[in-house]
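See structure below.
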Amino acid sequence: MSQPFAAFTEETLAVLVGVFYDRVRQDDLLGPIFNGVVGTEEAAWDRHRARIVDFWSSVLLSTGRYEGRPMVVHAGLPMIGPDHFRRWLALFQDTAQGLFTAEAAARLAETSTRIGRSLQMGLAVARGEDAGKYL
């Protein structure tokens with residue numbers, strides 16, 4: 001890539017998600033969880049990436065394509081905690097900074113942080129933990 005992406009499009013979001021999840025799969029902390037949930041077959045990862053592109057397309061492009069329930073999915077994973085969210089956010093934001101202009105990467109950072117905080121608070125409530133620590 002010669003120039004960083006300045007805009008969010010279906011194509012740039014697909015690149016972001018592809019590069020990011022390639023990194024996640026190799027990560028010592030996140031890889032075992034994602035590979036355990038998604039699987040190790042490329043077809044399963046293709047479906048996961050497509051679903052996540054739909055998510056970001058809905059969030060950033062207002063397409064409304066994503067029909068999932070992220071809170072329910074994450075609530076079904078009792079092994080994930082704050083360290084996993086921190087690592088996910090760090091990898092995501094680092095990937096965004098490598099692909100997008102500073103302005104676009106900052107928007108991704110702010111949006112992903114807000115979504116991550118909301119998920120963590122929801123999980124804390126579901127688990128009977130103190131959700132205030134995520135404010």
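Calculate, in whole percent, how much of the Cα-Cα pair population of the range 5-64 lies beyond 16 Å.
That fraction is 45 percent.
Suppose each label sits 7 Å from its Cα in the direction of the beta carbon; what would the Val125-Val19 distance come out to in nanometres?
Between Val125 and Val19, the label points sit 3.5 nm apart.
Return a whole-number percent for the relative contact order of the chain, with Cα pairs under 8 Å and 6 or more residues apart as the contact set.
Here the relative contact order equals 29 percent.
For a footprinting-style exposure proxy, rank Ser62, Ser57, Ser112 by other Cβ within 10 Å, fewest first.
Ser62, Ser112, Ser57
How large is the dipole of the chain about the Cα centre if only Lys and Arg carry +1 and Asp and Glu carry -1, each at its Cβ, rounded to the nearest 20 debye?
On the way: 14 positive and 16 negative charges, 73 e Å.
Charge dipole, the chain, about its Cα centre: 360 debye, nearest 20.
With everything on Cα atoms, drop me the angle between helix 82-99 and the longest principal axis of the chain, reported from 0 to 90° to the nearest 10.
Helix 82-99 sits roughly 0 degrees off the main axis of the chain.
Take the Cβ-Cβ distance between Gln3 and Met71 as r, set R0 to 41 Å, and report the resulting FRET efficiency rounded to the nearest 0.05.
About 0.65, to the nearest 0.05.
As a footprinting exposure proxy, order Leu61, Leu91, Leu16, Leu108 by other Cβ within 10 Å, with the fewest listed first.
Numbers: Leu61 14, Leu91 18, Leu16 25, Leu108 22.
By the 10 Å Cβ count, ascending, the order reads Leu61, Leu91, Leu108, Leu16.
Fewest to most neighbouring Cβ within 10 Å: what's the order for Asp28, Asp130, Asp54, Asp94?
Ordered from fewest to most neighbouring Cβ atoms within 10 Å, Asp28, Asp130, Asp54, Asp94 come out as Asp28, Asp130, Asp94, Asp54.
Rounded to whole Å and sorted largest first, list the principal axis extents of the Cα atoms in the range 25-135.
Ordered largest first, the range 25-135 gives principal extents of 38, 34, 30 Å.
Read-outs: derived from the displayed coordinates by stated rules, not from any lab. Remember, it's a predicted structure, so these values are computed and weren't measured experimentally. All Cβ positions, even for glycine, are placed from backbone atoms using ideal geometry, and neighbour counts span all protein chains on display.
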